[in-house]
Amino acid sequence: MRKRTKKKIFGGKIRDRISSVAGKINWQYIAIIVIIIIGVCVLIASYFICNNDAKNIAVGIGTGIVTSALVTMYLELINSRIEKRKVERYKRMLLNPLAETVDKLYVHIALNVNEYRVREELGNFFLLPMNDTKEVSDFFSKMKEIDFNSIDSKDRKKYDTLVGISITYFTEIVTQYERLPFESLIIENIITQDEYDQLKHFTMVNECKRCINILNSTNLVEQEEYKITIRLIYVMFMFINRLIRIFDFMSTKIERENKWIKSHLHDIYFNEIYAFSDEYIQQCVERAEAEAEYYAEHPELIEEQEESEEDRLHRKISNAIWAGDVETIKECFPKIDKDNKEIQSELTWRIAKDVMKDKELRKLYYQKYGIKYKMRREKRK
């Protein structure tokens with residue numbers, strides 16, 4: 001009995017496979033190929049015909065059949081490709097509002113979840129698309145078990161940041177998904193049967209709706225609100241993963257987002273985690289010691305930075321301004337390069353107000369720069 005049952009199941013699978021393959025076969029192309037074979041056979045047969053007139057007729061018929069069939073196949077291929085592009089363009093246009101919303105929410109979830117994971121040093125990033133989601137499921141299960149009563153306000157803040165995503169994004173995705181005319185899309189060949197079968201599973205969407213309704217209509221305590229939000233983020237994350245695995249153009253957009261998200265997360269890790277680690281500090285110490293030892297052995301490589309005449313003049317005028325030494329500034333004025341904007345700028349700041357009250361110094365300023373002296377007003381903050 002069991003052997004018969006196994007045989008029936010096996011036979012049913014074979015029939016389903018054959019019918020599936022048969023449904024995908026383009027019978028028009030097969031017909032054209034058969035016609036080409038017939039034409040080739042006529043041409044081959046003409047080789048054995050002795051009568052020249054009959055031979056010429058057979059060659060003409062065979063050539064005509066092959067040529068017509070090839071031209072028909074070429075035109076059919078071109079038309080099918082054009083039609084396929086039109087369908088793909090229409091599909092993208094129809095699904096674009098959903099794709100844009102998915103993209104926005106994915107960025108929020110990916111940043112919040114992965115920033116938390118980086119700062120807590122929990123391992124690899126969660127970036128879609130993913131094949132194995134067990135680690136994601138385990139992570140969100142642990143997050144749901146967090147007890148707000150047993151943690152301080154500082155730790156609670158990071159969990160608030162983790163779930164700090166507006167419900168509007170989730171609601172918009174659910175609404176747009178439910179409005180899609182799935183039956184019309186499959187009838188008009190906009191989506192394939194396989195895509196239709198995957199899209200018609202509403203389990204995740206219904207769970208998202210349930211969570212949204214609870215968050216919107218119930219006065220929850222903070223602990224329960226946190227748990228429901230974590231559940232909503234997890235289910236939506238898995239739903240987005242399924243969507244982008246169905247549609248390639250959605251996956252392409254997500255992968256573009258992943259590039260800058262990864263760069264952002266690496267920056268956080270380096271600046272907030274690694275830069276304060278013992279390993280990094282030890283590397284810096286070793287590098288500094290090695291550099292000091294190297295230059296101690298090769299002192300000729302140390303470049304002595306000589307102070308230029310202009311730098312010494314600038315420093316001398318700056319010190320005179322702070323000291324209120326008008327005479328020193330007068331002595332230095334003939335040596336000032338009028339193109340040196342740093343010295344001119346320093347003379348117009350409020351710190352130089354007292355020394356620039358001197359009439360002779362103002363006259364020297366006018367002679368040097370060709371404009372009347374005017375103290376610069378500081379911008380109010």
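Filter region 343-381 down to the residues that are at pLDDT 80 or above and either on the phi > 0 side of the Ramachandran plot or of a type in the set (D, E) (or both) and list them by number.
D358, E360, listed by residue number.
Could you check how many residues of region 289-298 are modelled with pLDDT under 80, assigned to a helix (DSSP H, G or I) and open to solvent by less than 80 Å² (accessible area, probe 1.4 Å)?
Qualifying residue count for the region: 0.
Tally time: how many residues in region 250-261 are closer than 18 Å to L94 by Cβ and open to solvent by less than 20 Å² (accessible area, probe 1.4 Å)?
2
Looking at R231, is it open to solvent by 30 Å² or more (accessible area, probe 1.4 Å) and more than 20 Å from Y196 (Cα to Cα)?
yes
Residues being part of a helix (DSSP H, G or I), farther than 16 Å from I244 by Cα and open to solvent by less than 50 Å² (accessible area, probe 1.4 Å): count how many of those fall in region 176-191.
Here the count works out to 3.
Filter region 262-287 for residues that are among the hydrophobic types (A, V, I, L, M, F, W, C) and open to solvent by 60 Å² or more (accessible area, probe 1.4 Å) and give the result.
Our first condition is that a residue be among the hydrophobic types (A, V, I, L, M, F, W, C); within region 262-287, this holds for 265, 268, 270, 273, 275-276, 281, 284-285.
If the condition is that a residue be among the hydrophobic types (A, V, I, L, M, F, W, C) and open to solvent by 60 Å² or more (accessible area, probe 1.4 Å), then F270, F276, I281, V285 are the ones that fit.
Among the numbered criteria (1) modelled with pLDDT under 80; (2) under 25 Å from E115 (Cβ atoms); (3) not aliphatic (A, V, I, L, M), which single criterion is violated by E306?
(2)
Looking only at region 98-155, how many residues end up being part of a helix (DSSP H, G or I), over 24 Å from V205 (Cβ atoms) and touching a residue at least 24 places away in the same chain (Cβ under 8 Å)?
7
Would you point out the residue of region 173-224, among those that are at pLDDT below 90 and touching a Leu at 6+ places or on another chain (Cβ under 8 Å), that is farthest from N149 (Cα to Cα)?
Applying the filter and picking the extreme gives I190.
Mind listing whichever residues of region 322-342 are modelled with pLDDT under 80 and in a helix (DSSP H, G or I)?
Answer for region 322-342, where residues must be modelled with pLDDT under 80 and in a helix (DSSP H, G or I): W322, A323, K341, E342.
Return the residues of region 25-49 that are open to solvent by 80 Å² or more (accessible area, probe 1.4 Å) and modelled with pLDDT under 80; say none if nothing qualifies.
W27, Q28, Y47
So, in region 307-344, of the ones that are basic (K, R) and under 16 Å from R362 (Cβ atoms), which residue ends up most open to solvent (accessible area, probe 1.4 Å)?
Among them, the one singled out is K338.
Would you pick out the residues in region 103-150 that are basic (K, R) and either buried (at least 16 other Cβ atoms within 10 Å of the Cβ) or touching a helix residue (DSSP H, G or I) at 6+ places or on another chain (Cβ under 7 Å) (or both)?
Across region 103-150, the qualifying residues are K104, R117, R119, K144.
The values are calculated or read from the model by the stated rules, or taken from the named source; none is laboratory data. Computed from a predicted structure; not experimentally measured. Every residue, glycine as well, gets a Cβ built from its backbone with ideal geometry; the counts of neighbours run over all protein chains shown. Protein only, heavy atoms only, side chains kept; ligands, DNA and RNA dropped before computing areas. Shrake-Rupley method; radii C 1.70, N 1.55, O 1.52, S 1.80 Å.
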